[in-house]
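Q: Sharing a structure, written as structure tokens. Questions coming.
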Amino acid sequence: MALTKAHNRMITGAPVNVLDYGAVGDGTTDDTAAIQAAINYVASNGGVLTFPSGTYMSDSLQVTPTASFKINGTGTIKK
């Protein structure tokens, strides 16, 4: 079986990219579920959550960390 798409989350210690969880960042798509899934993963496992350039739409996100993590990137979150 051939590998068709590799995600950063497949590499131990790599930053977690919100795009790998389904966020679009086009300024119109509701990215809440994808961003929340990425936050939940990093909050539980630690690491770095990355927002690439783009405008991510979300009206409500929750962070309940059980591990140390950082959030970085050049993307913008709008309501």
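The values are calculated or read from the model by the stated rules, or taken from the named source; none is laboratory data. Keep in mind that this is a model prediction, so the values were computed, not measured. Note: ideal-geometry Cβ built from the backbone for every residue, glycine included; neighbour counts use all protein chains shown. Remember, those area values only see protein heavy atoms, side chains included, never the ligands or the DNA or RNA. Shrake-Rupley method; radii C 1.70, N 1.55, O 1.52, S 1.80 Å.
Q: Restricting attention to the range 20-35, and to residues there that are charged (D, E, K, R) and over 15 Å from Leu61 (Cα atoms), which single residue is modelled with the highest pLDDT?
A: Within the range 20-35, the match that is modelled with the highest pLDDT is Asp26.
Q: Another question, if that's okay. Looking only at residues that are in contact (Cβ under 8 Å) with a residue 24 or more places away in the chain and out of contact with any helix residue (DSSP H, G or I) (no Cβ under 8 Å at 6 or more places or on another chain) in the range 46-70, which one is farthest from Val16 (Cα to Cα)?
A: The extreme case among them is Thr55.
Q: If you check Ala38, Ala6, Ala67, which single one turns out to be at pLDDT 95 or above, open to solvent by less than 100 Å² (accessible area, probe 1.4 Å) and out of contact with any Lys or Arg (no Cβ under 6 Å at 6 or more places or on another chain)?
A: Ala38
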